[in-house]
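Beneath this line is the structure, given in structure tokens, with notes to follow.
What follows is calculated from the coordinates using simple rules that are stated; it is not laboratory data. Not measured: the values here are computed from a predicted model. Every residue, glycine among them, receives a Cβ derived from its backbone with ideal geometry; neighbour counts consider all protein chains shown.
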Amino acid sequence: MCNFAAVQRKNRKILGHLAALFTVMVWGSTFVFTKILLLDGLSPAQIFVLRFIVAYVLLLFFSMSRRSHRWMADTWKDELLMVALGVTGGSLYFLTENEAMNHTTTTNTSLIVCLCPLFAAALISVFYKSQRLQPMQVLGSVLAALGVIVVVLNGHFVLHLSPLGDMLAFTACLCWAVYSLLMIRANQRYDVVFITRKMFFYGLLSMIPYFLLVPEVPPLSLVLRPDVLINLLFLGCVASMFCFVIWNWAMKQIGTVTTTNYVYINPLTTIVFAWLLLNEKITVFFLFGTALILVGMYLADRRRE
């Protein structure tokens, strides 16, 4: 019985790693679909809201089909926790990340946002002593972060400082770090489907003040265009609903810090995707940075026996 339980735990951990890897691979490819929608005339805020509406409606129908369906959290404090998840992992994160692109370079934004595992690990270690990094794990995190820098800069070591844009990107980075921290408490109390559905709901609800200040409603004829609709369905069904569910589940199986470290792989999948579809070149900097990221992630996932 003990051996069977141990095998089950091991299998869940393997699946947790695969879930996190699959998620960042999908998220790394979404830049193409988002860019296409932007070129078609949708704004970043409109894209966010439309993809989250699709994700929320589908997840709501799925939740209502389950016997364990519930509308509210057990306490008002837990309900506020869901609000915080919706803001940090939804509305504020996406708005600051997308708006940063308008005020600084894509390179600056990618560098800052993709370093969120460092901030998440530091923040989590303040509140959870059991998850404080050991020296070897710190070294691994630093190596992985250096790998991200090498991959994103790609041999062009010139950064254009833009205080507003860089601060927005840094805000997005902190949002994801706080979201990762809050998910520890949420995963201890509720199942991932409930957490993710509530996150989508409050992510959408917290967008209302933005649209009151910046009213922008996309024309229905544009949204229903087959090419636009297909892209939105991919972003809503796969990149949002499915990926957020399995990402939150992965946090429960392999730990928040380990799961968040997979964000380091995000720029790798983006570049590979661009190589496959856009014929962009794979450089020696990409290969060297990839090696640093993989070695760093291996060291960062080590635990003292």
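Label-to-label distance, Trp76 versus Tyr210, with points set 7 angstrom from Cα along the beta-carbon direction: 2.8 nm.
Please state the shape class of the stretch 195-259: rounded when a/c is under 1.5, otherwise prolate if a/b exceeds b/c and oblate if not, all from the C-alpha gyration tensor. Cα axes put the stretch 195-259 in the oblate bin. As a rough guide to protection, the peptides 14-26, 213-225 ranked by mean Cβ packing within 10 Å, highest first, stand as 14-26, 213-225. Label separation (Val223 vs Leu294): 4.4 nm, computed from points 7 Å beyond Cα along the C-beta direction. The peptide list 290-297, 76-83, put in order of mean Cβ contacts within 10 Å with the highest first, becomes 290-297, 76-83. Fully extending the segment from Ser43 to Arg12, taken as 0.36 nm per residue of separation minus the present Cα-Cα distance, adds 7.3 nm. Across the stretch 166-237, Cα-Cα pairs farther apart than 21 Å form 52% of the total.
Charge tally for Val223 (other residues, Cβ to Cβ under 15 Å; Lys, Arg +1; Asp, Glu -1): -1.
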